[in-house]
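These notes are about the structure you will find just below.
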Amino acid sequence: MKKKAAVIAALMACMSTNVYAAAVRGDADQSGTVDLLDSIAVTNYSEGNIELNDLSYSDVNNDGAVDKSDAALIIKSAAGLVQIPDAITHEIVLADNNITADGKSTDSVYVKIDNTANTITIISPGTYSFSGSLSDGQIIVDIPDSYSDNNAELEFNGISVSNSSGPAVYGINGDIKISAKKGTTNTLSDGTPTVFETETAEDGTVSTTDEPNGCIFSHDGLSFKGKGVLTVNGNYSNGISGKDEVEIKNLTLTVNAPNNAIKAKDYVSIESGTIELNALPDGTADTENFNYDGIHCTKGYADIKGGNITINSYCDGIQAADHININGEAVINITTTGVITASSSSQGGQWGGFGGYTNNETADISAKGIKSDTDLVIDGGANITVNSTDDSLHTNGTITITNADITLSAGDDGVHADDTLTINDGCTLNITKSYEGIEAEKIYINGGECTIYSSDDNINAAGGNDGSSSGGFDQNADGYIEINGGYVYCENSVSEGDGVDSNGKIYMNGGVLLVNGPTSNGDTAIDTGDKSGDGFYYNGGTVFSVGSSGMAESPTASSGYIVTYGIGGSSTGGQGGMGGGRPGQQGGSSSGSAYGAGTQLTLADASGNVVATFTVKTTAQAIIIGSDLITAGNTYTLYSGGTYSGTLDENGYASGGTITGDTKIASGTVSNKVTSLS
């Protein structure tokens, strides 16, 4: 009797002490305490007197049932006589018509097994370790909201699941955490669903949806991790489709899909791993119903912190309705292959350089590399390579690039922002091919290194929405370019199109700007939209610009000094080149000899010291050179050819040193902010 009294006393003490957190095993009534009341609750449940919400927390002996044996263990646990484990891992063995859970093929408080349909349904939170294969079956997660934490972790230990009539993994309710265990290879494949979900409108109308629409489909969150290998073959639509978030960490993941490789509503987050996403149409592309994006966020954002990511998509590589952050040492390689067409296009013409599509035309698809409907931020040492048939980087808002190594080949713009583009220190941007290189309403280059090849404008600042894959900006809005630092090299790959073109003004305050402009007299190396000729302000840094003279515009030096050749002293107004699908203005020009591609042009002072030397890649008839080394009262001479004492960089540019054996072109003494050499 004394022993029994001691046990009861211990039980009563436990009832008043909150020693367990809520929702732990044994806390049947979820009061936050494992005590005598939990034992009573389990006993009453086993006798059919009450209902319990979280049955898995009450099955403390892990036999798949909640009964009086569990009640007895709860009493002992409350008295401190036994230790109930905080969690258990359920062993699931997959086999056609012979699925077992914890060695049993019958239903339990954790799972429901249907060996006729070849399905297993997880109905309680916990960890489930899967092995084996199903040739035509399905893993289902359907955990009631009554559980305070209705998550299920699925550990894949070398499984193969195919389903000819729907998802291989189907999340009806509850977050799903999938882990591929180290050293294992796991494969999931789906088929066309035989039953689609329905939805009811406010008026009571019931309609059929296109869901489930992924090899892995979940109404709630999806997360992936592990040091194993997971291959997802979406044969019907998407590869991975989550109605909430999709998170990936430290996994070798391959997704093949005839629609989106990964589709999420709230956001996609990638922290690490080796990831290959293939979103390519199976046969003829159905752009009315499918997106064909590598990563597609319908309402949220994409956040990439790391990983080695390869995307092959017909449409956009990464697309988000909200912002995109690439803020880490991710290695991203994107190829888009969608064929961009429009109802008409306009090539050439009196305004020059008009490739791509005319204003206000709409292409039938979007096949951009990285596309945000708001903003794109790239920082943290990312390495990004994009080969796209549309824009490579695109936002309807702003783009900010600070610390990244980026190589782009674009069928349309290399980098496009409807609003503002900012390039900071640490950015290496190499645009090997584009229609227009970088394009935004406002462009700020504060540092970094940019190399830009294009068939139209290398740099274009205009305004309004992009006609992307449609020729450029609204021609009526204002534009602005400000270069404060860095190194910018521009080369026009055809005869037409401006080098640096702004619908408004251009300010050069620092850095290095090298422009190999057009040979067409309908275009110019540096073009502004200021009809007074007061558009290009030079305040410092180095600019060496060459190109045709027909539309050449004289700069307006403010704090620094510039010398020109083949350009009149001031602009005479009138129509100029058409950058970004809108007219610029004509500057006055003076006759000058033309120097062909491969000619080394050098500006030196009276002592032979080189201010700047540049081996041009196009015909140079109009030349603009500005440098902090140019000072008032000194005489400067422009030369061609000769032997340079120093070493030219990869673009044929250098400053300092001397040159010998050269041929004089023109000279002049600097007395004004802008001096024309003759």
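Laboratory data are not the source of any read-out in this text; all were calculated from the coordinates shown. Since this is a predicted model, take the numbers as computed values, not measurements. We place every Cβ from the backbone using ideal geometry, glycine too, and count neighbours over all the protein chains shown.
Quick look at the numbers
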item: Taking His296, His323, His394 and counting other C-beta atoms within 10 Å, the order from fewest to most; result: His323, His296, His394
item: From the coordinates shown, Rg/Rh (Cα atoms, Kirkwood Rh) corresponds to which of (1) 0.99; (2) 1.18; (3) 1.06; result: (2)
item: J(HN,Hα) series, the stretch 326-337, from Karplus relation 6.51 cos²θ - 1.76 cosθ + 1.60, nearest Hz, glycine and proline x; result: 10, 10, x, 8, 6, 10, 10, 10, 10, 10, 10, 10
item: Reachable aspartates and glutamates, given that their alpha-carbon falls under 14 Å from the alpha-carbon of Lys68 and they are not under 8 places away in the same chain; result: Asp38, Glu47, Asp59
item: HN-Hα J in Hz across the stretch 312-317 - Karplus 6.51, -1.76, 1.60, θ = phi - 60°, x for Gly and Pro; result: 10, 9, 6, 9, 5, x
item: Under Karplus coefficients 6.51, -1.76 and 1.60, residue-wise ³J(HN,Hα) of the stretch 284-289 in Hz, glycine/proline x; result: 6, 5, 10, 6, 6, 10
item: Neighbourhood charge, 11 Å Cβ-Cβ cut-off, centred on Lys249 and excluding it, Lys, Arg +1 and Asp, Glu -1; result: +2
item: Residues Ser148, Ser272, Ser388 arranged by fewest to most Cβ contacts within 10 Å; result: Ser148, Ser272, Ser388
item: Candidate lysines for bridging to Lys104, where Cα separation is under 19 Å - those fewer than 8 sequence places away on the same chain excluded; result: Lys112
item: Glu247 long-range amide H proximity, modeled H, under 5 Å; result: Leu222, Ser223, Phe224, Ser269
item: Residues of type lysines that Lys442 reaches as a straight line, Cα spacing below 20 Å, ignoring anything fewer than 8 places off in the same chain; result: Lys371, Lys505, Lys531
item: Antiparallel bridge percentage (DSSP; both residues within the stretch 143-238; nearest 5); result: 10
item: Amide H within-cut-off set for Tyr537, under 5 Å, with H built and near neighbours excluded; result: Ile506, Tyr507, Met508, Thr556
item: Label-point gap, in nm, between Asp244 and Ser135 - each point 7 angstrom along Cα→Cβ; result: 3.7
item: Efficiency of FRET between Asn173 and Thr428 - r from beta-carbon atoms, R0 41 angstrom, step 0.05; result: 0.30
item: Positive minus negative residues near Gly411 (Lys, Arg vs Asp, Glu; Cβ under 10 Å); result: -2
item: Taking Ser392, Ser554 and counting other C-beta atoms within 10 Å, the order from fewest to most; result: Ser554, Ser392
item: Rounded to 5, percent antiparallel among DSSP beta bridges of the chain; result: 20
item: Inter-site label distance for Glu47 and Ser148 at 7 Å from Cα along Cβ, in nm; result: 2.6
